Ligand SMILES: Nc1ncnc2c1ncn2[C@@H]1O[C@H](COP(=O)(O)OP(=O)(O)OP(=O)(O)O)[C@@H](O)[C@H]1O
Ligand SMILES: [Mg+2]
């Protein structure tokens, strides 16, 4: 609890700093300006040694008295104000609620401070990066859209949550899993399997795959939300669990894997706390259809977007390992993508009974 | 009213597209052969046509097609005459028009229900000598303007007597006239009717009376009519008349008892137009034949050189030689075949263009004055083209433009700041421009789309000037487009004289004038846009400063010196948005508009451009005083009605509301009430010698 107190104060101070920027600039008749690190490919670098995407030093000035930026500046200060309020009240909230909290019509005008949530979301990310505060620290949470099951015990608001005793539904991963919110009391698993799709996670959970292979099953229902990523990272770090990723065999699947492993371009500054550079790509690999005898007719033709995306991925620094170049090229050559669900073509329990056991046995994964 | 084509053509005719068959000639004897009938049978039918018969058959040609139009035509004829007379006599016209409902069957219906009206038009003109009064008002085809080629409103010598005749046919009432030729002369009162058989006046009453007016003429007609405001109404016609004739002071007492005054805002008479002889290119063959008969010359060459302009005796001889006719022969003896050769020869001979100094344009300043007076806009401009010639007839095209809403009106709807929901935008403005057309200073209210003036407006690419325009449509926006053609001979498309015919030369001149107006409008709009964007910038900052300061204050736990921070930020904003430079672009520093001759710009800070002219208008408008009712009528019988109307008026004045204003014809179609400014009596006489400054400069807000 004490750590929490100190941390929030730090965040509060960071937010108050924004007001100080305005006040100080005004005193000196200067244009109030906030420096915001640029969140784009141009400002990230892949740290090969650490295996992380790291944010560069490029910053962009957001000035008040610039017609193009004035509104953004005003919005930034408004969001900071709302975040400060959250800190004070010790509440967490969603992106959407921040939007509604800060939205109003500016006095004597027809103008709204924000017209859509698309305007407020990036401002929150701007603040995260420029203040160097995580979203969780800012008390902003995402939807709880992850599930976990397996031999792990949490302490959540004083409640003991044993994920081995929650049936096939498991525990719903909260969006904020920082130690002050979620305590990991015990974990006896041997590894962690992060599954892209909820359907496959359900299959594995129902088949009690985790019991047989003594692992933790985690899913984020698509692109894993921050809570899921952060939890995987904590179990990986705190309990030394190897992390395996199971995704569809398509460019989007590769991308999800890369975000889990190296972090995302947009929020590269969070890689430090989120990325799991040692995570392994279990599948579905473009080599699997042949190896596991999946018929061509359960494949899906790559569309133009897929092809473009795949080619883009091949250019990313973190996909330069020869094995990865082969992996992606093979997909492009075949012209097909495969969903995990396609394994059901062979047997409903093919994933649980054949595919994963063989993968684990053969240690057939990509790094 | 230029009614030349209405009846037989004494002057060069030029209706290139007759929509009506050959005008029915009001000859006293109409001997029109009908096919398959013997001469004897015909002879039995041939008889004099009474003027009333002629009138009844041709009332549409004279503007009496329906009761509403007839009411307008009567007013128009009387007002046109009053203005013509004053101008010819060199007097700045003061004209009073009054419409009164005449009780029918013992009750006085409301103006919109009424079917009978008394029209009174009074002027301060030269008056009419006693002997002439009966014939002027009760004899068709009697007038002073017929036998000359000179720019004037009236032409035929039929206008006012036709109106009198219409009254007589519909109500049986005589025309009442008071006229006085000067302060030393006595005033004469007449009641006349027309002997419809003989086309001769019948004098019912003729006496000397006391009249408060030192000089002038007053005509009272009782007619069947219909009073309805809006498009093509008496009200609209008077207002448009006042725009094109700002040298006229016009007082209009409506049938509702309201008194509207259109003040004189231009204090110079238009230069008197000069009379010219017809140009040989402008006449038609039939006309030539008639002139050959009527001429006073004894020789053909003498006829050509003295009855036409730009034909010297040498040129006359040359023409005769080429046409192989003797220059010395009697014009009357030229027979049809030879006459035709002569006509062709004339058309093929190179003859100098007619003199153009016979035309009296309204002038840019006066147009500006008129527009500024009647239309509340932001930008005004006027263009007078140099004289040009079509078919031997000199003419001048003038165009003007009033654009936008006054700053004070712009902000009105914005004050209601309704919070907008997601996805909600602002409604589009679909207002279209309005075209007002004039021929020899007389408004044309009918047949707009057939008129070459209107067509020229449509074919002008207004988009080039920063105004919206859909294909084949009028330009969009709050705009009034003014077009005037001044000519000794205005070519109407038909006898009803409502639309101007398409002559290339005329079309070209109108287009050039409109383009110049458009170019200036574009310049103004660009300038305004530039200034507005600076202004908007500063405004955005002002708007956001509030938000930012409030948020900072909360971040600082409410311990901030808010006002101080606001002031500091505002100072930075001003220095960042160009400060003085912006003020200048916004026209706040009083420098006039660049590259915008003959224009007025109204900003929230004041008036630019023809400032003096605008000041004059404002001063004149502010100085309007109630008309002196008592002066209007000297005759007892008549003054009964007058008293009654005064009483009613007093009553109505008390509850004068914006509705009465809105009911006035709106120049801007939709946003009616903001578009015009009929100055009424009893307005608080402010005393501005400077143009009035709209009062909302204090808190300009960003417009989205
Ligand atoms: N208010 C007036 N003051 C002085 N003279 C007038 C007045 N009204 C009419 N007249 C004289 O009476 C004449 C006849 O008027 P009338 O309206 O019948 O014909 P017009 O004006 O010549 O031509 P039009 O038929 O085109 O109106 C005029 O030409 C003018 O000389
Ligand atoms: Mg007349």
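The values are calculated or read from the model by the stated rules, or taken from the named source; none is laboratory data. Quick caveat: nothing in here was measured; it's all calculated off a predicted structure. So basically every Cβ, Gly included, is an ideal-geometry build from the backbone, and we count neighbours across all protein chains shown.
Let's see how each residue does on (1) farther than 15 Å from residue B:245 by Cβ; (2) within 33 Å of the chain's Cα centre (by Cα); (3) part of a loop (DSSP other than H, G, I, E, B):
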residue	(1), (2), (3)
B:256	yes, yes, yes
B:267	no, yes, yes
B:274	yes, yes, yes
B:278	yes, yes, yes
B:281	yes, yes, no
B:286	yes, yes, no
B:292	yes, no, no
- Out of A:5, A:107, sole residue that is more than 8 Å from chain B (Cβ to nearest Cβ) and at pLDDT below 90: A:5
- In the list A:60, A:87, which residue meets the criterion of being closer than 30 Å to residue A:156 by Cα and outside the structural domain of residue A:261 (by TED's automatic domain parsing)? A:87
- Query: So residue B:179 clears everything in (1) near ligand 1 (Cβ under 10 Å from one of its atoms); (2) surrounded by 24 or more Cβ atoms within 10 Å (Cβ to Cβ); (3) under 30 Å from residue B:287 (Cα atoms) except one condition, right? Which one?
  - Reply: (3)
- From the option list B:70, B:89, B:85, single residue qualifying as within 11 Å of ligand 1 (Cβ to nearest atom) and touching a strand residue (DSSP E or B) at 6+ places or on another chain (Cβ under 9 Å) is B:85
- Taking segment B:152-173, which residues are without any contact (Cβ under 8 Å) to a residue 60 or more places away in the chain and either within 14 Å of chain A (Cβ to nearest Cβ) or within 13 Å of ligand 2 (Cβ to nearest atom) (or both)? B:157, B:161, B:164
- Residues being near ligand 1 (Cβ under 9 Å from one of its atoms) and touching a residue at least 40 places away in the same chain (Cβ under 8 Å) - total across segment B:123-132: 5
- Query: Quick check: anything in segment A:40-54 within 11 Å of chain B (Cβ to nearest Cβ) and modelled with pLDDT under 90?
  - Reply: no
- Task: Restrict the check to segment B:69-84 and report whether at least one residue is free of Cβ contacts under 8 Å to residues at least 40 places away in the same chain, surrounded by fewer than 23 Cβ atoms within 10 Å (Cβ to Cβ) and either within 14 Å of another protein chain (Cβ to nearest Cβ) or more than 14 Å from ligand 2 (Cβ to nearest atom) (or both).
- Result: no
- Selection within segment A:110-137 - in contact (Cβ under 8 Å) with a residue 60 or more places away in the chain and away from chain B (no Cβ under 13 Å): A:125, A:126, A:128, A:129, A:130, A:132, A:133, A:134, A:135, A:136, A:137
- Query: What do you reckon, is residue B:208 surrounded by fewer than 22 Cβ atoms within 10 Å (Cβ to Cβ) and more than 16 Å from ligand 2 (Cβ to nearest atom)?
  - Reply: yes
- Item | Unique residue being more than 26 Å from residue B:441 (Cβ to Cβ), within 14 Å of ligand 1 (Cβ to nearest atom) and assigned to a loop (DSSP other than H, G, I, E, B) when the list is B:185, B:114 | B:185
- Task: Give just the number: which of (1) closer than 28 Å to residue A:42 by Cβ; (2) exposed (fewer than 15 other Cβ atoms within 10 Å of the Cβ) does residue A:291 not satisfy?
- Result: (1)
- Query: Which of the following residues is more than 14 Å from chain A (Cβ to nearest Cβ) and within 30 Å of residue A:31 (Cα to Cα): B:570, B:576, B:528?
  - Reply: B:528
- Task: For segment A:265-311, name all the residues that are touching a strand residue (DSSP E or B) at 6+ places or on another chain (Cβ under 7 Å) and on the phi > 0 side of the Ramachandran plot.
- Result: A:283
- Tell me which of these residue B:141 doesn't satisfy, since it passes every other one: (1) within 12 Å of ligand 1 (Cβ to nearest atom); (2) more than 18 Å from residue B:62 (Cβ to Cβ). (2)
- So, of the residues in segment A:59-81 that are within 24 Å of the chain's Cα centre (by Cα) and in a helix (DSSP H, G or I), which turns out to be nearest to the other protein chains (Cβ to nearest Cβ)? A:80
